[in-house]
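Colleague: A single structure is presented below for examination.
The values are calculated or read from the model by the stated rules, or taken from the named source; none is laboratory data. Bear in mind the structure is a predicted one, so any value in this text is a computation, not a measurement. As a convention, Cβ positions derive from the backbone with ideal geometry for all residues, glycine included, and neighbour counts pool all protein chains shown.
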Amino acid sequence: MEKNALQSSNVPALVFSCFVIVIVALEPIIAFFSAPPVPQSTPVAIKLPPTSEEVAKPHLSWADQECERVVEEYLRDIDMFFAASKKNTRPFAEEALSWGSKWRLATDYVPFTSGGRHEKFMREKFEEYVFKPSELEDAVKQVVARYVKHVDSIEGKMLVSIRTDVANFPSAFIIAKIDESELRKKYDEALKEAIEAVEIDIGTEVVIEVVVATITAGILTQIAVRLGVSGTILGGGASGAGATFGISLIVGLIVDQIVSWVWDWYADPRGELATMLDGKLDEINRLIVGGSDDVHGLRKRLREFATARASVRNKAVLAILQSQ
């Protein structure tokens, strides 16, 4: 009896012990299923470098637009030159219609005289009061030279921007690892090779000489036709054409026209002569800057240079981006 009672009293303890053993055994399994899921690692995307064309495109586009935009800024210098010249047409007209002018004109037609005194007098006074051939030549040269220099500075800014864009890809683009002076050196070399490849010469000095020469040569015919020049004084001014790319002929053309006006001095008051001269200077200004249907003026010439430069600039930029 006592033995049965003892066994009965040990049953709860035994059951509890078994329960504890089961719980302990199941704890790892319960922990596994109740734990939050382990997040999966996301693969890191590898950023590939852009192509040379992708890098170059926005910068080349910006350079093209800037080179086009600044053309008009430099052409205003020619307008200012002629505006300053027109301020002195009134005192020149007074000289042209003075007694000394009329006397020289009359004596040039006296038999057995050498002549030419009046033309020389008029040319000297025109150059004294209005402009010298060398001054107009210098004005045109400076416009071209300053524009070409500005294009060069635009390209310098473009190169710096390109290098900044590829700074994160030094293994793909060598220009990311070199300084600004070295970058400019490489660009100049690539530009020279691109120019040689297309067999054109658009170096600064060559551009200035070619543009000035072609502009003056082209407008001479136009001015002669529009002023109705007889050619007498035009031929006399040809001796100075070589030194000033023909600009001295422009003065000869104007003076030739004025000689015919002075024949009618009695009908042309000084103010009217100055006004007529102002009109002729405006016409020459328009021809030099804007040209005409068959004459390429400065605007056209500078834009032609910008187009040619854009082509070789494109090749040079791609060459240095692709260099290793």
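Colleague: Can you name the residue in segment 164-178 that is under 14 Å from Pro50 (Cβ atoms) and part of a helix (DSSP H, G or I) and, of all such residues, is farthest from the chain's Cα centre (by Cα)?
Modeller: Ala176
Colleague: Mind checking whether some residue in segment 288-299 is out of contact with any helix residue (DSSP H, G or I) (no Cβ under 7 Å at 6 or more places or on another chain) and in a helix (DSSP H, G or I)?
Modeller: We begin by selecting, within segment 288-299, every residue out of contact with any helix residue (DSSP H, G or I) (no Cβ under 7 Å at 6 or more places or on another chain); these are 293-294.
Narrowing further to those that are in a helix (DSSP H, G or I): none.
Within segment 288-299 (the criterion being out of contact with any helix residue (DSSP H, G or I) (no Cβ under 7 Å at 6 or more places or on another chain) and in a helix (DSSP H, G or I)), the answer is no, since none of the residues qualifies.
Colleague: Can you confirm whether segment 216-229 contains a residue that is at pLDDT below 60, in a loop (DSSP other than H, G, I, E, B) and under 20 Å from the mean Cα position of the chain (by Cα)?
Modeller: The answer is no; no qualifying residue exists.
Colleague: Can you work out which of the residues in segment 46-87 that are touching a residue at least 24 places away in the same chain (Cβ under 8 Å) and hydroxyl-bearing (Ser, Thr, Tyr) is farthest from Arg313 (Cα to Cα)?
Modeller: If we take residues in segment 46-87 being touching a residue at least 24 places away in the same chain (Cβ under 8 Å) and hydroxyl-bearing (Ser, Thr, Tyr), then Ser85 is farthest from Arg313 (Cα to Cα).
Colleague: What is the one condition in (1) farther than 25 Å from Lys300 by Cα; (2) acidic (Asp, Glu); (3) surrounded by 16 or more Cβ atoms within 10 Å (Cβ to Cβ) that Asp179 does not satisfy?
Modeller: Asp179 satisfies every listed condition except (3).
Colleague: Of all residues in segment 61-92, which are among the hydrophobic types (A, V, I, L, M, F, W, C) and in a helix (DSSP H, G or I)? Don't jump to the end; show me each part of the working.
Modeller: At the first step, the residues of segment 61-92 found to be among the hydrophobic types (A, V, I, L, M, F, W, C) are 62-63, 67, 70-71, 75, 78, 80-84, 92.
Once the filter is applied, which keeps residues that are among the hydrophobic types (A, V, I, L, M, F, W, C) and in a helix (DSSP H, G or I), segment 61-92 yields Trp62, Ala63, Cys67, Val71, Leu75, Ile78, Met80, Phe81, Phe82, Ala83, Ala84, Phe92.
Colleague: Sticking with this structure for a sec: So in segment 88-135, with the set limited to residues that are touching a residue at least 60 places away in the same chain (Cβ under 8 Å) and of a type in the set (Val, Ile, Thr), which one is surrounded by the fewest Cβ atoms within 10 Å (Cβ to Cβ)?
Modeller: If we take residues in segment 88-135 being touching a residue at least 60 places away in the same chain (Cβ under 8 Å) and of a type in the set (Val, Ile, Thr), then Val130 is surrounded by the fewest Cβ atoms within 10 Å (Cβ to Cβ).
Colleague: Related question: How many residues are over 30 Å from Glu66 (Cβ atoms) and touching a Phe, Trp or Tyr at 6+ places or on another chain (Cβ under 6 Å) if we restrict to segment 127-149?
Modeller: The number of residues fulfilling the criteria is 2.
Colleague: Go through segment 95-148 and give me each residue that's over 42 Å from the mean Cα position of the chain (by Cα) and of a type in the set (Lys, Arg).
Modeller: Lys102, Arg104, Arg117
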